[in-house]
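The values are calculated or read from the model by the stated rules, or taken from the named source; none is laboratory data. Computed from a predicted model, the values in this text were never measured in an experiment. Heads up, the Cβs are rebuilt from the backbone with ideal geometry, glycines too, and the neighbour counts pull from every protein chain shown.
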Amino acid sequence: MGGRDATMVLLDENGIRCDGRKIDETRKIMIKAGVLKNADGSAYIEFGDNKILVGIFGPRDVHPKHMSDTDTGILRVRYHMEPFSVSERKNPAPSRREIEISKVIKEALEPAVILEKFPRTAVDVFIEVFQADGGSRCAALSAASVALADAGIPMRDMVAACASGKVADTIVLDVNNEEDQAGQADMPIGYMPNLKKITLLQLDGILTPEEYKKCVEVGVNGCKIVYELQKKALTDKYFGNGSD
Amino acid sequence: MASHSVIDELKKTQILELLDQEKRVDGRALDEPREISIETNAVPKANGSAKVRLGDTEVLCGVKIQPDRPFPDMGDKGIFICTAELLPLSHPSVETGPPQPHVIELARVVDRGIRESHMIDLSQLVIEKGKSVVGVFSDIVVIDYDGNLFDACSYAATAALLTSTTPKWTMVDDKPTIVNGEEIPLPTTTIPVSVTMGKIGNHIIVDPNGDEWDSMDARITITTNSDGNICALQKGGNDGFTQEEVVQCGEISVRVGAKIREKLKEAQQGSR
Amino acid sequence: MDNKRKYVIPGDLVTTGPFRPEQNVLLEGNKIISTSIGISEIYDDSVRVIPLTGKYIPKINDLVIAKVLSHTSLSWELDINSCYVGFLPAQDVFGRDFSAHADELTSKLKTGDLVAARIANFDRTRDPLLTISDRDLGKIDSGALVQISPSKVPRLIGKRGTMIQTIEIATNAAITIGQNGWVVVSCESTEGLLKAKKAIQMVDEKAHIANLTDQVKEMLESESES
């Protein structure tokens with residue numbers, strides 16, 4: 001993103017951020033479960049300007065066969081961005097960034113899913129980013145967890161995700177695109193809220209040990225906010241009042 | 001598409017029996033397309049975008065407009081590129097990896113309809129002749145599959161282009177540089193509309209749904225422009241059409257296409 | 001809904017204490033946690049969650065509706081709407097005298113055919129083995145296939161078959177329910193067929209509602225008057 005305003009104020013004297021939020025506030029989040037006809041499970045999330053769709057197939061036969069495991073089902077994750085999802089058109093071929101994110105999201109979901117009952121099968125998680133903004137991996141992970149539950153994949157817990165970070169020497173929740181680029185640190189966190197276990201954790205930037213502690217705390221609180229919205233999405237789909 | 005999907009025989013029989021009474025499984029008339037819904041500006045960060053639902057088929061097109069080098073022999077024209085991808089979440093049979101021939105055909109048929117109708121006035125998209133031109137990239141992704149991707153993708157691309165805006169560039173120090181100011185609509189000259197028809201037995205049906213698609217003997221996609229002239233065509237499938245049928249399909253494509261063109265115009269006006 | 005039944009999603013605490021964990025729950029310390037979206041039930045000393053979504057897991061002796069996908073010279077592969085593809089050996093259809101040279105499999109079943117079959121064998125190590133050699137099993141020649149979530153099959157059957165009987169009587173349809181969520185409806189009248197399909201889809205959508213049988217009855221009756 002060229003031509004950034006060098007004078008942009010990331011945090012004003014009243015503790016208000018460049019997009020009008022307070023330091024402990026997330027952007028606007030909307031999650032919907034069960035949006036696709038063909039997929040076994042699906043979810044759509046809008047998280048700030050992120051627009052991400054996740055579809056699940058499985059457990060199902062593994063192709064190619066040699067990838068299958070006779071003891072358990074396997075989880076496969078593809079995080080994929082559309083060419084039009086970013087400012088400059090993205091080459092349709094998978095980038096190193098997409099491949100890494102696919103891997104960290106897979107490893108964030110692994111502790112939650114229970115696939116031992118489905119030997120020789122695969123559960124495929126397809127993540128499609130229609131529009132990318134700061135924090136797309138957290139948004140994708142949160143939606144993937146809802147989609148897996150929608151598909152009826154047995155899980156120990158949901159995985160909720162949100163980033164925290166350091167902007168203008170202050171620890172803030174849910175770093176946006178501008179803050180990510182002009183700020184000092186970005187820490188995406190994935191969290192199982194009932195089992196209280198962190199399953200995704202990355203950091204770009206420098207934090208003191210005290211800030212690091214605070215950043216994890218703020219991020220985990222953000223995950224709890226996201227978790228409530230995940231619950232709502234599933235409750236809306238499965239336990240609606242039935243009047244229609 | 002959906003090469004792994006197998007339609008059950010009972011449904012296939014039902015489709016055929018109903019067609020012999022001039023009826024279709026979902027109650028439509030033979031020349032009636034499914035409900036079309038068009039949501040423009042579905043991806044605000046793109047220069048133009050549209051999500052189109054055609055029955056239960058759902059596709060999304062995003063348009064990116066950015067400076068590019070002209071093709072060597074076409075220095076006085078902008079560039080138009082159209083791609084299509086069947087997202088693996090759209091159907092269990094879709095595999096990731098290099099695009100399959102039927103997906104490449106899909107992108108090329110959509111591209112041809114837009115290109116051959118001269119929808120985009122490419123001559124207006126030149127920054128410096130022979131050196132720098134404007135590239136229009138229209139990328140289409142299939143989100144949910146229920147037959148007839150040709151038309152769903154074509155309407156999405158057309159709606160996205162009709163609602164696209166572009167900055168202006170000028171050469172500064174030999175580099176294309178954005179001229180500050182308002183963005184202008186992408187210069188377009190006509191609204192191409194494709195109509196895909198399937199042949200089952202000796203019946204011609206418009207906009208086959210997924211089950212009908214799997215029961216088809218042959219298909220034909222005909223694109224018409226705003227003047228009601230035919231500008232691109234693609235026959236597919238393992239059977240043929242009679243000369244009369246081909247003429248009949250041409251007539252249907254003009255008539256049905258005109259109605260769909262009105263919907264695209266509405267979508268264009270609604271986005272302004 | 002009484003205190004014992006509640007709506008749960010994965011990770012939700014169902015109860016604590018000395019209970020026996022049954023289907024779709026997990027013991028974590030002394031907590032019993034749900035692993036599925038569904039309705040939790042505590043009775044006597046056991047806890048389970050009745051799921052509202054999920055794929056069909058084959059069980060020996062289950063009746064399923066299956067669709068022929070392909071065949072080799074010795075067996076057919078069938079889609080049973082499950083994590084696994086079912087297979088039906090040629091001997092099961094042709095009998096013991098089956099000869100791969102003389103007998104053409106497509107003369108009995110071809111791609112796209114629907115069959116009513118039973119799961120003859122299935123375990124962790126191999127794909128489900130099907131059989132059609134019993135009364136009421138075999139190729140299905142008429143009717144329409146309706147697909148519902150396998151987790152909602154018990155609801156469609158209802159307590160002692162009440163739900164399905166209600167639908168059959170009101171519509172005059174014959175309904176074969178596969179445990180895999182595939183249901184074949186046949187009916188002399190098109191109207192009855194459509195109504196039966198609608199009722200089945202209603203059960204699929206509203207399985208979590210307590211007084212569903214009444215709602216289905218109401219729908220079936222109101223439609224017949226109009």
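Does A:MET81 count as surrounded by fewer than 14 Cβ atoms within 10 Å (Cβ to Cβ), in contact (Cβ under 8 Å) with a residue 12 or more places away in the chain and either within 10 Å of chain B (Cβ to nearest Cβ) or in contact with an Asp or Glu (Cβ under 9 Å, 6 or more places away or on another chain) (or both)?
Values: surrounded by fewer than 14 Cβ atoms within 10 Å (Cβ to Cβ): no; in contact (Cβ under 8 Å) with a residue 12 or more places away in the chain: yes; either within 10 Å of chain B (Cβ to nearest Cβ) or in contact with an Asp or Glu (Cβ under 9 Å, 6 or more places away or on another chain) (or both): yes.
Criteria not met by A:MET81.
Beta carbons closer than 8 Å, at least 6 apart along the sequence or on distinct chains, pair a first residue in segment A:161-172 that is without any contact (Cβ under 8 Å) to a residue 60 or more places away in the chain with a second that is in a strand (DSSP E or B) and of a type outside the set (A, V, I, L, M, F, W, C) for A:ALA163/A:ASP186; A:ALA163/A:PRO188; A:GLY165/A:ASP186; A:GLY165/A:GLY205; A:LYS166/A:GLY205. I need the full set of residues from segment A:199-239 which are surrounded by fewer than 16 Cβ atoms within 10 Å (Cβ to Cβ), without any contact (Cβ under 8 Å) to a residue 60 or more places away in the chain and within 18 Å of A:ALA108 (Cβ to Cβ), in order please. Across segment A:199-239, the qualifying residues are A:LEU201, A:ASP204. Within segment B:56-67, the set of residues being within 10 Å of chain A (Cβ to nearest Cβ) and not polar (S, T, N, Q) comprises B:ASP56, B:GLU58, B:LEU60, B:CYS61, B:GLY62, B:VAL63, B:LYS64, B:ILE65. Quick one: in segment C:10-31, which of the residues that are under 22 Å from the mean Cα position of the chain (by Cα) and buried (at least 21 other Cβ atoms within 10 Å of the Cβ) is farthest from the other protein chains (Cβ to nearest Cβ)? Taking the candidates together, the pick is C:VAL25.
Conditions (1) touching a Pro at 6+ places or on another chain (Cβ under 7 Å); (2) not hydrophobic (A, V, I, L, M, F, W, C), marked per residue:
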{"site": "A:ASP150", "(1), (2)": "no, yes"}
{"site": "A:MET158", "(1), (2)": "yes, no"}
{"site": "A:ASN177", "(1), (2)": "no, yes"}
{"site": "A:GLY183", "(1), (2)": "no, yes"}
{"site": "A:ILE198", "(1), (2)": "no, no"}
{"site": "A:VAL218", "(1), (2)": "no, no"}
{"site": "A:CYS223", "(1), (2)": "yes, no"}
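Each row is one residue, and each column tells you yes or no for (1) more than 14 Å from chain A (Cβ to nearest Cβ); (2) over 18 Å from the mean Cα position of the chain (by Cα).
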{"residue": "C:ILE33", "(1), (2)": "no, yes"}
{"residue": "C:GLU41", "(1), (2)": "yes, yes"}
{"residue": "C:VAL47", "(1), (2)": "yes, yes"}
{"residue": "C:LYS55", "(1), (2)": "no, no"}
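When you go through A:SER142, A:SER136 one by one, which is the residue that is touching a helix residue (DSSP H, G or I) at 6+ places or on another chain (Cβ under 9 Å), away from chain B (no Cβ under 14 Å), of a type in the set (Gly, Ala, Ser) and more than 18 Å from B:PRO88 (Cα to Cα)? Write out each step before concluding.
Values: A:SER136 fails: away from chain B (no Cβ under 14 Å).
Going through A:SER142, A:SER136 in turn, just one is touching a helix residue (DSSP H, G or I) at 6+ places or on another chain (Cβ under 9 Å), away from chain B (no Cβ under 14 Å), of a type in the set (Gly, Ala, Ser) and more than 18 Å from B:PRO88 (Cα to Cα): A:SER142.
Residues that are over 30 Å from C:LYS55 (Cβ atoms), more than 9 Å from chain B (Cβ to nearest Cβ) and not in a helix (DSSP H, G or I) within segment A:91-120 comprise A:ASN91, A:ALA93, A:SER95, listed in sequence order.
Per the listing B:SER117, B:SER132, the residue uniquely touching a residue at least 40 places away in the same chain (Cβ under 8 Å), surrounded by fewer than 23 Cβ atoms within 10 Å (Cβ to Cβ) and among the hydroxyl-bearing types (Ser, Thr, Tyr) is B:SER132. Any residue in segment A:200-217 that is within 12 Å of chain C (Cβ to nearest Cβ), under 16 Å from A:ALA139 (Cβ atoms) and under 20 Å from the mean Cα position of the chain (by Cα)? No, that holds for no residue.
Restricted to strands (runs of 3 or more DSSP E) entirely inside segment B:175-237, those with at least 2 residues that are modelled with pLDDT under 95 and more than 18 Å from B:PRO33 (Cβ to Cβ) are B:175-185. As a summary of the residue check, A:ILE74 satisfies the conditions (1) surrounded by fewer than 19 Cβ atoms within 10 Å (Cβ to Cβ); (2) more than 16 Å from A:ASN177 (Cβ to Cβ) except for the one numbered (1). Does A:LYS37 satisfy the condition of being within 13 Å of another protein chain (Cβ to nearest Cβ), surrounded by fewer than 19 Cβ atoms within 10 Å (Cβ to Cβ), part of a loop (DSSP other than H, G, I, E, B) and of a type in the set (Lys, Arg)? Judged against the criteria, A:LYS37 is a match. Which of (1) over 22 Å from the mean Cα position of the chain (by Cα); (2) not in a helix (DSSP H, G or I) is the odd one out, the single condition A:HIS66 does not satisfy? All conditions are met except number (2).
Within segment A:123-135, is even one residue more than 30 Å from B:ASN41 (Cβ to Cβ), charged (D, E, K, R) and over 18 Å from the mean Cα position of the chain (by Cα)? Full working, then the answer.
Initially, segment A:123-135 is screened for residues more than 30 Å from B:ASN41 (Cβ to Cβ), giving A:123-124.
Those still in the list that are charged (D, E, K, R) too: A:124.
Keeping just the survivors that are over 18 Å from the mean Cα position of the chain (by Cα) gives none.
The answer is no; no qualifying residue exists.
One residue alone among B:ASP214, B:ASP227, B:ASP239 is touching a residue at least 24 places away in the same chain (Cβ under 8 Å) and touching a Lys or Arg at 6+ places or on another chain (Cβ under 7 Å), and that residue is B:ASP239. Counting only residues that are more than 24 Å from B:ARG272 (Cβ to Cβ) and without any contact (Cβ under 8 Å) to a residue 24 or more places away in the chain, which one in segment B:45-87 is surrounded by the most Cβ atoms within 10 Å (Cβ to Cβ)? So the residue we want is B:MET74.
The listed residues are C:ASP123, C:ASP92, and the only one of them that is outside the structural domain of C:LYS217 (by TED's automatic domain parsing), touching a strand residue (DSSP E or B) at 6+ places or on another chain (Cβ under 9 Å) and modelled with pLDDT under 95 turns out to be C:ASP92.
Any residue that is surrounded by fewer than 23 Cβ atoms within 10 Å (Cβ to Cβ), at pLDDT 90 or above and more than 27 Å from A:GLN184 (Cβ to Cβ) - is there at least one of those in segment A:20-30? Yes; the residues of segment A:20-30 include at least one that is surrounded by fewer than 23 Cβ atoms within 10 Å (Cβ to Cβ), at pLDDT 90 or above and more than 27 Å from A:GLN184 (Cβ to Cβ).
Give me a count of the residues in segment C:168-226 that are assigned to a loop (DSSP other than H, G, I, E, B), more than 17 Å from the chain's Cα centre (by Cα) and within 11 Å of another protein chain (Cβ to nearest Cβ).
3
The residues of segment C:73-92 that are surrounded by fewer than 22 Cβ atoms within 10 Å (Cβ to Cβ), out of contact with any helix residue (DSSP H, G or I) (no Cβ under 8 Å at 6 or more places or on another chain) and away from chain A (no Cβ under 13 Å), listed by number, are C:PRO89, C:GLN91, C:ASP92.
Scoring C:LEU129 on the criteria (1) modelled with pLDDT under 95; (2) in contact with a strand residue (DSSP E or B) (Cβ under 6 Å, 6 or more places away or on another chain); (3) surrounded by fewer than 22 Cβ atoms within 10 Å (Cβ to Cβ) leaves a single failure, condition (1).
The residue list A:VAL123, A:VAL129 contains one member that is in a strand (DSSP E or B) and away from chain B (no Cβ under 12 Å), which is A:VAL123. Could you tell me whether segment B:159-170 includes any residue that is more than 10 Å from chain A (Cβ to nearest Cβ), touching a residue at least 40 places away in the same chain (Cβ under 8 Å), of a type outside the set (S, T, N, Q) and over 24 Å from B:THR40 (Cα atoms)? The answer is yes; a qualifying residue exists.
Quick one: would you say B:ASN229 is of a type outside the set (Gly, Ala, Ser) and either surrounded by 17 or more Cβ atoms within 10 Å (Cβ to Cβ) or under 24 Å from B:ASP144 (Cα atoms) (or both)? No.
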